[in-house]
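The values are calculated or read from the model by the stated rules, or taken from the named source; none is laboratory data. Note that the structure is predicted; figures quoted are calculated from it, not measured. A quick note on method: Cβ atoms are made from the backbone with ideal geometry, for glycine too, and the neighbour counts reach across all protein chains shown. Just so you know, the surface numbers come from the protein's heavy atoms only, side chains and all, with ligands and any DNA or RNA stripped out. Shrake-Rupley method; radii C 1.70, N 1.55, O 1.52, S 1.80 Å.
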Amino acid sequence: GQQPPIEAVQRAVQSAVPGSRQNIRVVAEQDKLVLRGTVPSEDMKERIEQRAEDAAQGWDVESELRVASTR
């Protein structure tokens with residue numbers, strides 16, 4: 001099968017996150033891409049998931065992103 005577009009998704013995800021303090025990893029597992037990491041807000045999580053879907057070239061994207069608690 002074709003290679004998963006990990007780098008494209010990683011770039012898309014990073015462009016969605018201001019600054020470089022985010023630590024989101026994109027990994028391929030079986031036939032899907034998995035997003036792992038912690039994000040500052042629910043809005044950011046949704047934005048990242050959307051960007052990842054757009055860049056995934058038809059691959060399934062599974063999000064394991066957690067929203068950091070603000071307290």
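Any idea how many residues of segment 17-41 are out of contact with any Asp or Glu (no Cβ under 9 Å at 6 or more places or on another chain), closer than 26 Å to Gln2 by Cα and not in a strand (DSSP E or B)?
Here is the first cut: in segment 17-41, the residues out of contact with any Asp or Glu (no Cβ under 9 Å at 6 or more places or on another chain) are 17-25, 27-28, 30, 38-41.
Next cut, closer than 26 Å to Gln2 by Cα only: 24-25, 27-28, 30.
Then drop every residue that is not not in a strand (DSSP E or B), which leaves 24, 30.
Qualifying residue count, segment 17-41: 2.
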In segment 1-23, what count of residues is obtained for those that are of a type outside the set (Gly, Ala, Ser) and modelled with pLDDT under 90? 8
Hits in segment 42-64 (condition: at pLDDT below 95, farther than 18 Å from Gln3 by Cβ and not in a helix (DSSP H, G or I)): none
Can you pull out every residue in segment 15-53 that is exposed (fewer than 13 other Cβ atoms within 10 Å of the Cβ) and either among the hydroxyl-bearing types (Ser, Thr, Tyr) or in contact with a His (Cβ under 6 Å, 6 or more places away or on another chain) (or both)? Ser15, Ser20, Ser41
Count of residues meeting criterion [under 15 Å from Glu64 (Cβ atoms) and of a type outside the set (S, T, N, Q)] in segment 7-41: 15
Tell me which residues, restricted to segment 54-71, are open to solvent by 100 Å² or more (accessible area, probe 1.4 Å) and under 16 Å from Val26 (Cα atoms). Asp54, Gln57, Asp60, Arg66
